[in-house]
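The values are calculated or read from the model by the stated rules, or taken from the named source; none is laboratory data. It should be emphasised that the depicted structure is a prediction, and the values quoted were computed from it without experimental measurement. Reconstructed Cβ throughout: ideal geometry from the backbone, glycine too, with neighbour counts over all protein chains shown.
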């Protein structure tokens, strides 16, 4: 893992080392020492994999009480990935950052605790998430993907996204339950 870019709010984009030969390839999916150099003393405690058809939009999700840092990576396909800083004390509160993550250019996005995360599958995609806190359904929250307060430019290509019922009914940024004080592991 090599740092490609980073922001003062705490997010970072890492390139993945891929070793190819006649048999195929091997990719270094996680180097905790490299992640910790940027993100501090984090530990990955849960690994998730999700598959999404083209046009599926998931998010914007976050977890209160036990905020999760996420290391996000696309294993197949391409996604438009968006994170939103929800830490009220952050100078970037309410700001969103967008990335195109593709399997053919392996990268890992570090999403610090205190951020919401979502993505639009631009083609059939397979994603892997390393989480710093276990998922807890009672703590999970969502903000509506098209909240006017965020003005995210999703590349929808004229079609409505495929959404879960929960994401369709999520509140906008102004109505959402947010982080009131500093989140553990955040840099703001």
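Answer with yes or no whether residue 9 is within 15 Å of the chain's Cα centre (by Cα) and surrounded by fewer than 17 Cβ atoms within 10 Å (Cβ to Cβ). Spelling it out, it is not the case that residue 9 is within 15 Å of the chain's Cα centre (by Cα) and surrounded by fewer than 17 Cβ atoms within 10 Å (Cβ to Cβ).
Of the residues that make up the range 50-58, is at least one in a loop (DSSP other than H, G, I, E, B), buried (at least 19 other Cβ atoms within 10 Å of the Cβ) and out of contact with any helix residue (DSSP H, G or I) (no Cβ under 8 Å at 6 or more places or on another chain)? Show your work before the answer.
In the first step, residues of the range 50-58 are kept if they are in a loop (DSSP other than H, G, I, E, B); the result is 53-55.
Applying the additional criterion that residues be buried (at least 19 other Cβ atoms within 10 Å of the Cβ) yields none.
No: zero hits.
Cβ separations smaller than 8 Å between residues 6+ apart or across chains give the following pairs from the range 46-71 residues that are on the phi < 0 side of the Ramachandran plot to residues that are at pLDDT 95 or above and surrounded by fewer than 13 Cβ atoms within 10 Å (Cβ to Cβ): 46/134; 63/136; 66/134; 66/136. Taken over the range 90-105, the residue count meeting the criterion of being under 11 Å from the mean Cα position of the chain (by Cα) and free of Cβ contacts under 8 Å to residues at least 40 places away in the same chain is 1.
Taking the stated definitions as given, is residue 28 at pLDDT below 90, over 30 Å from residue 94 (Cβ atoms) and over 17 Å from the mean Cα position of the chain (by Cα)?
Numbers: at pLDDT below 90: yes; over 30 Å from residue 94 (Cβ atoms): yes; over 17 Å from the mean Cα position of the chain (by Cα): yes.
So residue 28 fits the description; yes.
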